[in-house]
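Only one structure is covered here, and it is reproduced in the block below.
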Amino acid sequence: MPITRRSVLGAALSASAALIAHDAMAAAPSAKSPARKPNIVYIMADDMGYGDLGAYGKVYQTPNIDRIGAEGVTLTQGYANSCVCTATRVGLITGRYQNRFRIGQEEPLGANSATIGLDPTVPTMPGYMRQLGYRTALVGKWHMGDAPKFGPTRSGYDRFFGIYSGGKDYFVQADIASAALHDGETVLKTHRYLTDELGDRAIRELREAKADNVPLFLSLHFTAPHWPWEGPEDMKVAETLTNIMHQDGGSIATFQKMLTSLDANVGKVLQALADLGEADNTIVVFTSDNGGERFSNVWPFTGMKGELLEGGLRVPLLVRWPGHILPGSRSDQVAISMDWMPTFLAAAGAPASFKAPTDGMNILPQLLGGASVSRSLFWMFKANGQAAHRDGDWKYLRIGKYEHLFNLAQDEHERADFAKREPERFEAMKKAHTAWAATMLPYPADSASWGNQGHVPDRY
């Protein structure tokens, strides 16, 4: 179909103006209320690049995580809502573009976390799941505002074990409460290697839900492989660390150790599901909150965390649901973090009358083997004035004063710039992004945004 300025602009305005109230649920094969609601285990890594899994990149070894795709579906076009953590987490939990909310414009949330956060009155995915009879638990990273004003149990979760802040040492308990490991409202005095703590608590949540005979919605948000660069045997590194961002440390070998620990803990969770007899009745998702950081592998893409190039946005995405998703299948369906709210509600059998406004799409039909459908998606990022708009195979990109047009089906490495060859398409997609951005909140002058210049040697 030939592209016109009107068709692209109209699609943008429709996408941003419509608050989709579960419109795709009725089309889902499993949208009818199941006899037994499936457990949902949503596992999210932190700063994992597209190629950091063996299933995608074959540079690092992650056999347990790879099993999720081998026993389910591997999606090759999974996107994060943003190229940094807080913003993606807002998009995930609300099912909306994060730029609709003040907290979503912190890229990421930093020193103002006591006063800026996710408003507890905002409807959330765990809140909706609780309405459907699920026990809801967050194990791991929150990063959407500090207690007592904000927090997981004020935004739909029944239980919380993890950290409020954006990062934490893997061994040393923090002096600042928001950066410390919490069990509910209690700050733990000490803890073991953090990835092990989170994996073990996830297993405990699975066992207790089984004993209590309640369906479980578990958000397992690991901090790995986010800095500081500490493997399970690196306690001495932690004891000498002077800055948690660890600009003077890390290596590919250490990064593999962190991935190996993450992989082992995911393996423990999968084994616990099998031991409890719940593997066949559990949807397991594995993904990341944004693209990779310093030691990540993002091939075949360019870019990294903090950039709207594919390497900053495209993430691993594996889904398993035995008896529903064909083992070993692959899908090129474009999917994004905010899709999970309508998708999980559909899988849980939410009735047609159940209204949950979302900018996302129910991708359950595609997970179950249905044909992929074209998407129109938008991103913006304050640092370096970045903007991106994907429409079908095409992507408009702006970074700083430079603008580009790429065909991702032909060139996912984002090098062949069609801006001059396809001027009408370029202008139409640019205007579509401008129209969408006008429906979002403007960035406050004092909001944070992650910039790589001066921190990463090849960003100069």
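Every number in this text was worked out from the coordinates using simple rules, so none of it is lab data. Bear in mind that the values here come from a model prediction, so they are computed numbers and not experimental data. Cβ placement follows ideal geometry from the backbone for every residue including glycine, while neighbour counts extend to all protein chains displayed.
Computed over neighbours whose Cβ is under 13 Å from that of residue 452, the net charge equals -2, Lys and Arg +1, Asp and Glu -1. Taken over the alpha carbons of the stretch 20-373 as equal point scatterers, the Debye sum produces base-10 log I(q)/I(0) values at 0.08, 0.10, 0.13 Å⁻¹ of -0.33, -0.53, -0.95.
Protection proxy ranking, highest mean first, for peptides 262-275, 240-253: 262-275, 240-253, where packing is the per-residue count of other beta-carbon atoms within 10 Å, averaged. Over the residues of the chain, the helix contribution to mean residue ellipticity at 222 nm works out to -7500 deg cm²/dmol, using -39500 (n - 2.57) for each DSSP H run of at least 4.
What full-extension length gain, to one decimal in nm, is calculated for residue 332 and residue 131 as 0.36 nm per residue of separation minus the Cα-Cα distance? Length gained, residue 332 through residue 131: 69.1 nm. Our analysis of the stretch 250-334 gives Rg over Rh at 1.04, with the two radii drawn from alpha carbon positions and Rh computed by the Kirkwood formula. Rounded to the nearest 20, the Cβ-based charge dipole of the stretch 119-247 about its Cα centre (Lys and Arg +1, Asp and Glu -1) stands at 420 debye.
The lysines whose alpha-carbon is closer than 27 Å to the alpha-carbon of residue 420, local same-chain residues fewer than 8 away aside, are 382, 395, 401, 430, 431.
Potential lengthening of the chain between residue 271 and residue 438 amounts to 55.4 nm, from the contour at 0.36 nm per residue minus the alpha-carbon distance. Each of 112, 247, 379 was scored by the projection of its Cα onto the charge dipole of the chain, and the greatest displacement toward the positive side belongs to 379; charges sit on the C-beta of Lys, Arg, Asp and Glu.
Taking 2.2 N^0.38 Å as the expected size of a compact globular protein, what ratio does the Cα radius of gyration of the stretch 92-175 give against it, to two decimals?
Details: Rg = 13.0 Å, N = 84, 2.2 N^0.38 = 11.8 Å.
Working it through for the stretch 92-175, the quotient is 1.09.
Under conditions of 37 °C and 0.692 mPa s, the stretch 189-302 yields 207 µm² s⁻¹ as its translational diffusion coefficient, taking Rh as the Kirkwood radius over Cα pairs in the Stokes-Einstein equation.
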